Structure formats: structure tokens, C-alpha cells
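**Q** Quick one: this structure, given as C-alpha cells, is what I'll be asking you about.
The values are calculated or read from the model by the stated rules, or taken from the named source; none is laboratory data. All of these numbers come straight from a predicted model, not from anything done at the bench. Don't worry about glycine lacking a Cβ; one is built from the backbone with ideal geometry, like all the others, and counts go over all protein chains shown.
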């Protein structure tokens, strides 16, 4: 899934580097766009994945 807007373009983003999947801190590979968050990742909360706003 294209993530041209990064985490801030996702409906699950909560600001301050946090989201529903990663309530403590979004891992750098996802936050930097190095890895797309198009599948459930090991260690995340719930089944939230990138969904464009």
C-alpha cells in the first residue's frame, strides 16, 4: 500500500510519534518509511496497519 504521507497520513496516527499499533513509539523503520506498515508487525498492539486518511 502506498504510504506517500508516512505515519501522519494514517488514520491510526495519534501524534508525537505514536499510533494505535505502537502506542509507546513507532519503530524507526516504519516512521522513516523504510518499511511499509501494510501487514501486522511483530510486537505491535492490535491488528492496525496503515490506512490512508
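**Q** May I ask you to list the residues in the range 35-53 that are surrounded by 12 or more Cβ atoms within 10 Å (Cβ to Cβ) and either in contact with a helix residue (DSSP H, G or I) (Cβ under 7 Å, 6 or more places away or on another chain) or assigned to a strand (DSSP E or B) (or both)?
**A** Correct list: 35, 37.
**Q** Filtering the range 12-26 down to residues that are touching a residue at least 12 places away in the same chain (Cβ under 8 Å) and in a loop (DSSP other than H, G, I, E, B), which residue is surrounded by the fewest Cβ atoms within 10 Å (Cβ to Cβ)?
**A** 23
**Q** If you check residue 5 against the conditions, is it at pLDDT below 95, in a loop (DSSP other than H, G, I, E, B) and in contact with a helix residue (DSSP H, G or I) (Cβ under 8 Å, 6 or more places away or on another chain)?
**A** So residue 5 fails the test.
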